[in-house]
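Remarks on the structure that follows.
The values are calculated or read from the model by the stated rules, or taken from the named source; none is laboratory data. Note that the structure is a prediction, hence the values are computed from the model and not measured. We place every Cβ from the backbone using ideal geometry, glycine too, and count neighbours over all the protein chains shown.
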Amino acid sequence: MAQPGTPTFDQLRIFLAVVDSGSFAGAGRRLNRAVSVISYGIANLEAQLGVLLFAREGTRKPVLTEAGRAVLAEARAVAGGLDGLRAKVKGLLDGLEAEVNLAVDVMLPTRRLGLVLRAFAEHYPTVTLRLHVEALGAVAALVLDGRAVIGLSGPLAAGIEGLDSVAAGRVAMVPVAAPDHPLARFDPIPPGAARDCVQLVLSDRSPLTEGRDFAVMSPRTWRLADLGAKHALLREGIGWGNMPLPLVEPDLVAGTLRRLVMPEGTGGMYGFAGIWRRDRPPGPAASWLLDQLVAHGRADAAEPGFADL
């Protein structure tokens, strides 16, 4: 059985021009070529593939054959891939990064992250993004060791040698518990009651800030490395803990969690900072991404009565 040959990209481009313009003459005008050149290109493509792509009898307008319709989808994929390759190489020649590694603090509201990353995908379609979501000092650790070029860190990254930073907003952290938790049943909560209950605490996986506790009151703690697991255990009534307000607002409305008003006032504002290595400033795409995260953070308002954590 005969094997099809390998068409050139120019032949595929002529084929797509005929389909999109609806005629050989239209393809000639689009590509600034004579109609005879277009016809010759299509004939060569059909010879290479061993199939007829257009039915030429009984119609003045070229109509795709069944084989032509099958080839069309593949031709568009090849052309799209080559256009993407050329755009990526142009970006590299212009100094644009091929890939951006971003590390963000798990406390960052997901809606904000989604809005920024969607805009990034539209603005830099040729740049690959690698996203790391970490807690506490692990964001700074990723930037310091070069696995992320920029990060959006929490307050524990402040003052780490070798990093530059810019303020990038804040989020309210509030103590919550399930409705059947002992603390949720008090009205008001007596001083010191929180210390008698298990507090769910997010663990720091980074050696940079290992051993540093963040808003921990109780000597009885369960340590978790995942914010989603902490959220689930809070809803099960296993303990109490501080959570970012945007994440638990639906629970507070539905009644699956209750906000705790403690006399010690354990809530506070968790500040974000955009960070990068001083000796490795971000490139154009990473700088744009960082600027967007900072810009969105400017709209953050403080929760009444909350101090910075």
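Kindly indicate whether I189 is touching a Gly at 6+ places or on another chain (Cβ under 8 Å), modelled with pLDDT of 85 or more and either β-branched (V, I, T) or surrounded by fewer than 19 Cβ atoms within 10 Å (Cβ to Cβ) (or both). Spelling it out, it is not the case that I189 is touching a Gly at 6+ places or on another chain (Cβ under 8 Å), modelled with pLDDT of 85 or more and either β-branched (V, I, T) or surrounded by fewer than 19 Cβ atoms within 10 Å (Cβ to Cβ) (or both). Total residues in the stretch 152-198 satisfying the condition of being of a type in the set (D, E, K, R) and over 30 Å from V133 (Cβ atoms): the figure is 5.
For the stretch 149-186, a residue qualifies if it is β-branched (V, I, T) and modelled with pLDDT under 90, and exactly one does: I160. Taking (1) more than 16 Å from L72 (Cα to Cα); (2) aliphatic (A, V, I, L, M); (3) touching a Gly at 6+ places or on another chain (Cβ under 7 Å) in turn, L31 satisfies each apart from (3). Please specify each residue of the stretch 250-280 satisfying the condition of being part of a loop (DSSP other than H, G, I, E, B) and either more than 27 Å from the chain's Cα centre (by Cα) or without any contact (Cβ under 8 Å) to a residue 60 or more places away in the chain (or both). Result: G255, T256, L257, L260, V261, M262, P263, E264, G265, T266, G267. Give the number of residues within the stretch 1-28 that are part of a helix (DSSP H, G or I) and surrounded by fewer than 14 Cβ atoms within 10 Å (Cβ to Cβ). Residues meeting the conditions: 4. The residues listed here are A168, A148, A103; of these, the one that is in a strand (DSSP E or B) and farther than 14 Å from Y270 by Cβ is A103. Selection of the stretch 127-161 for residues being buried (at least 18 other Cβ atoms within 10 Å of the Cβ) and more than 17 Å from A273 (Cα to Cα) yields only V127.
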